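K.L.:
Got a structure for you, written out below as structure tokens; questions coming shortly.
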2 protein chains.
Amino acid sequence: MEYYSKQISNLIGELSNLPGIGSKSAQRLAFYLLNRPKEEVDRLASVLTEARQNVHYCKECYTLTDQEICPICANEKRDRKKIMVVEDTRDLAAYEKTGKYEGLYHVLHGAISPMQGIGPGDIKLKELLQRLQKEDVDEVIIATNSSLEGETTAMYISKLIKPTGIKVSRIASGVPVGGDLENIDEVTLLRALEGRTEL
Amino acid sequence: MEYYSKQISNLIGELSNLPGIGSKSAQRLAFYLLNRPKEEVDRLASVLTEARQNVHYCKECYTLTDQEICPICANEKRDRKKIMVVEDTRDLAAYEKTGKYEGLYHVLHGAISPMQGIGPGDIKLKELLQRLQKEDVDEVIIATNSSLEGETTAMYISKLIKPTGIKVSRIASGVPVGGDLENIDEVTLLRALEGRTEL
């Protein structure tokens with residue numbers, strides 16, 4: 001890095017701290033940016049600062065939003081009796097893209113992972129239970145990832161909620177649509193078998 | 001993108017304009033940044049703005065630098081009689097990393113490419129010729145890339161400089177050190193054969 005003058009090295013250093021950006025990509029990005037018009041780079045910098053400044057958790061579902069209440073929680077047409085629990089805002093967006101889910105969400109911001117020292121107190125779980133006490137909810141749909149952490153979290157939440165009498169469900173695991181059986185791992189194949197439905 | 005609130009969408013949009021960053025990576029980066037401490041994001045934004053503001057071409061060799069004259073041109077220990085011509089600042093850094101080249105550089109900021117409409121007037125070639133007139137240079141080492149554009153540029157520069165009597169050389173093409181012959185393309189193998197030296 002001593003081959004570049006200080007401000008260039010600093011820029012490369014900052015960029016290479018970003019996830020998935022190695023030293024080569026950071027250099028490529030830095031020189032790309034140094035060659036762009038000044039206004040364009042200033043705009044990127046200000047969008048970055050403003051987003052970090054103004055984006056926070058929705059007071060109700062804890063998704064990331066720049067408003068006090070996110071557009072989904074604020075939408076009166078949504079079915080307020082269903083809450084889908086997801087690990088993060090990107091998972092919420094994935095379900096929103098289907099356009100078929102009409103209920104609300106709850107974003108945990110992580111999953112329980114004893115290996116990484118993340119316990120139930122480190123995710124927005126207490127906040128979910130508080131919501132369920134205050135609001136009239138029929139069903140909690142657990143849509144955490146199909147990983148060890150996601151499954152652990154799903155089991156944990158299900159055990160906490162079941163005694164309250166609220167219905168708890170889990171999205172199905174199985175062969176992805178269009179998936180070729182020979183390329184699918186054994187655990188998924190067994191899950192698909194266990195979860196088979198009568199035709 | 002309509003699944004995210006406006007400032008988040010803007011951030012994802014800005015990030016996905018960067019080269020090599022697709023829509024998925026832009027989302028991953030955006031949420032990573034939104035979850036980092038505010039000071040860290042502000043620092044990235046200000047390093048970006050400042051670098052773009054203050055980095056410009058070195059008055060002598062046209063590399064990118066935040067000083068008037070870059071550290072290499074300002075270094076009195078460098079051999080001022082040799083100039084290595086490279087396409088961009090990253091290529092200069094690649095040779096500096098070897099620690100073995102003691103001469104100066106000249107950065108073209110591109111290569112002649114009729115396909116992309118880049119002619120001799122679009123790169124810092126006139127500036128190279130002006131340098132050669134003003135300064136006492138023994139040898140110009142052409143280290144443009146070994147691509148079609150790099151070779152075209154090398155030939156063009158060589159034809160311009162030869163009549164002045166200054167020695168013009170081209171870095172060698174051949175099999176990379178540690179390279180396995182069976183994995184090397186035919187053009188490189190032929191170049192390596194043509195450029196063979198007696199042992």
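The values are calculated or read from the model by the stated rules, or taken from the named source; none is laboratory data. Since the structure is predicted, the reported quantities are computational estimates derived from the model, not experimental observations. When we count neighbours, we look across all protein chains shown, and the Cβ atoms used for this are built from the backbone with ideal geometry, even at glycine. Remember, those area values only see protein heavy atoms, side chains included, never the ligands or the DNA or RNA. Shrake-Rupley method; radii C 1.70, N 1.55, O 1.52, S 1.80 Å.
K.L.:
Being among the hydroxyl-bearing types (Ser, Thr, Tyr) and facing another protein chain (nearest Cβ under 8 Å) is the filter here, so list the residues in the range B:12-27 that pass it.
P.N.:
B:Ser25
K.L.:
Which numbered condition in (1) open to solvent by 20 Å² or more (accessible area, probe 1.4 Å); (2) in contact (Cβ under 8 Å) with a residue 40 or more places away in the chain; (3) among the hydroxyl-bearing types (Ser, Thr, Tyr); (4) touching a Ser or Thr at 6+ places or on another chain (Cβ under 7 Å) is the only one that A:Thr153 fails?
P.N.:
(1)
K.L.:
What is the one condition in (1) over 28 Å from A:Asp122 (Cα atoms); (2) of a type outside the set (A, V, I, L, M, F, W, C); (3) open to solvent by less than 60 Å² (accessible area, probe 1.4 Å) that A:Lys100 does not satisfy?
P.N.:
All conditions pass for A:Lys100, except number (3).
K.L.:
Please name all residue pairs, on different chains or six or more residues apart, with Cβ atoms under 8 Å, provided the first residue is in the range B:64-76 and is within 11 Å of chain A (Cβ to nearest Cβ) and in a helix (DSSP H, G or I) and the second residue is surrounded by 17 or more Cβ atoms within 10 Å (Cβ to Cβ) and among the aliphatic types (A, V, I, L, M).
P.N.:
Short answer, once both residue conditions are applied: B:Ile72/B:Leu92; B:Ile72/B:Leu104.
K.L.:
Which numbered condition trips up A:Ile141, out of (1) open to solvent by 10 Å² or more (accessible area, probe 1.4 Å); (2) touching an Asp or Glu at 6+ places or on another chain (Cβ under 8 Å); (3) part of a strand (DSSP E or B)?
P.N.:
(2)
K.L.:
Tell me yes or no: at least one residue of the range A:150-159 is in a loop (DSSP other than H, G, I, E, B) and closer than 27 Å to B:Ile8 by Cα.
P.N.:
Looking for residues that are in a loop (DSSP other than H, G, I, E, B) and closer than 27 Å to B:Ile8 by Cα, one finds none in the range A:150-159, hence no.
K.L.:
Right, next: Out of (1) under 16 Å from B:Gly13 (Cα atoms); (2) within 7 Å of chain B (Cβ to nearest Cβ); (3) surrounded by fewer than 22 Cβ atoms within 10 Å (Cβ to Cβ); (4) at pLDDT 95 or above, the odd one out for A:Arg52 is which?
P.N.:
Of the numbered conditions (1) under 16 Å from B:Gly13 (Cα atoms); (2) within 7 Å of chain B (Cβ to nearest Cβ); (3) surrounded by fewer than 22 Cβ atoms within 10 Å (Cβ to Cβ); (4) at pLDDT 95 or above, the odd one out for A:Arg52 is (3).
K.L.:
May I ask you to say which residue of B:Pro114, B:Pro71 is surrounded by fewer than 13 Cβ atoms within 10 Å (Cβ to Cβ) and either in the same structural domain as B:Thr153 (by TED's automatic domain parsing) or at pLDDT below 95 (or both)? Spell out how you get there, then give the answer.
P.N.:
Details: B:Pro71 fails: surrounded by fewer than 13 Cβ atoms within 10 Å (Cβ to Cβ).
Within the list B:Pro114, B:Pro71, the selection yields B:Pro114.
K.L.:
Would you say A:Leu108 is open to solvent by less than 70 Å² (accessible area, probe 1.4 Å), in the same structural domain as A:Leu64 (by TED's automatic domain parsing) and under 28 Å from B:Lys24 (Cα atoms)? Talk me through it step by step, then tell me what you get.
P.N.:
On the way: open to solvent by less than 70 Å² (accessible area, probe 1.4 Å): yes; in the same structural domain as A:Leu64 (by TED's automatic domain parsing): yes; under 28 Å from B:Lys24 (Cα atoms): yes.
Criteria met by A:Leu108.
K.L.:
Additional query: If B:Ser9 satisfies every condition in (1) under 23 Å from A:Tyr62 (Cα atoms); (2) facing chain A (nearest Cβ under 9 Å) but one, which is the exception?
P.N.:
Exception for B:Ser9: condition (2).
K.L.:
Same structure, new question: Say we look at the range A:29-42 and pick out the residues that are facing chain B (nearest Cβ under 7 Å) and open to solvent by 50 Å² or more (accessible area, probe 1.4 Å); which of these is farthest from A:Tyr4 (Cα to Cα)?
P.N.:
Step one: list which residues in the range A:29-42 are facing chain B (nearest Cβ under 7 Å), which gives A:29, A:31-34, A:38, A:41-42.
Add one more test, that the residue is open to solvent by 50 Å² or more (accessible area, probe 1.4 Å), and what stays is A:32, A:38.
Details: A:Tyr32: 15, A:Lys38: 20 Å.
Filtering first and then ranking leaves A:Lys38.
K.L.:
Moving on to the next point. All but one of (1) over 21 Å from A:Gln7 (Cβ atoms); (2) open to solvent by 40 Å² or more (accessible area, probe 1.4 Å) hold for A:Thr63; state the number of the condition that does not hold.
P.N.:
A:Thr63 satisfies all of (1) over 21 Å from A:Gln7 (Cβ atoms); (2) open to solvent by 40 Å² or more (accessible area, probe 1.4 Å) except (2).
K.L.:
Pairs please, first residue from the range B:116-135 and more than 18 Å from B:Asp88 (Cα to Cα), second anywhere and outside any helix (DSSP H, G or I), Cβ atoms under 8 Å, 6+ apart in sequence or on different chains.
P.N.:
Once the first residue is more than 18 Å from B:Asp88 (Cα to Cα) and sits in the range B:116-135, its partners that are outside any helix (DSSP H, G or I) give B:Leu132/B:Ile83; B:Leu132/B:Val140; B:Leu132/B:Ile166; B:Glu135/B:Arg80.
K.L.:
In this structure, does A:Glu127 turn out to be surrounded by fewer than 19 Cβ atoms within 10 Å (Cβ to Cβ), under 17 Å from the mean Cα position of the chain (by Cα) and not in a loop (DSSP other than H, G, I, E, B)?
P.N.:
It is true that A:Glu127 is surrounded by fewer than 19 Cβ atoms within 10 Å (Cβ to Cβ), under 17 Å from the mean Cα position of the chain (by Cα) and not in a loop (DSSP other than H, G, I, E, B).
K.L.:
Cβ-Cβ distance below 6 Å, separation of 6 or more or different chains: which pairs start in the range B:81-98 with a residue that is under 18 Å from A:Ile8 (Cα atoms) and among the basic types (Lys, Arg) and end on one that is assigned to a helix (DSSP H, G or I) and open to solvent by 70 Å² or more (accessible area, probe 1.4 Å)?
P.N.:
Within 6 Å, no pair qualifies.
K.L.:
Taking the range A:159-178 as the region of interest, how many residues are open to solvent by 20 Å² or more (accessible area, probe 1.4 Å) and touching a residue at least 12 places away in the same chain (Cβ under 8 Å)?
P.N.:
Counting residues in the range A:159-178 that are open to solvent by 20 Å² or more (accessible area, probe 1.4 Å) and touching a residue at least 12 places away in the same chain (Cβ under 8 Å) gives 12.
K.L.:
Which residue out of B:Ile21, B:Ile8 is surrounded by 18 or more Cβ atoms within 10 Å (Cβ to Cβ) and closer than 22 Å to A:Gln27 by Cβ?
P.N.:
B:Ile21 is the lone residue from the list that is surrounded by 18 or more Cβ atoms within 10 Å (Cβ to Cβ) and closer than 22 Å to A:Gln27 by Cβ.
K.L.:
Go through the range B:179-190 residue by residue and tally those that are open to solvent by less than 70 Å² (accessible area, probe 1.4 Å) and part of a helix (DSSP H, G or I). Outline the logic, then answer.
P.N.:
Quick first cut of the range B:179-190, residues open to solvent by less than 70 Å² (accessible area, probe 1.4 Å) only: B:179, B:184, B:188-189.
Imposing the further condition that a residue be part of a helix (DSSP H, G or I) reduces the set to B:188-189.
Selection size over the range B:179-190: 2.
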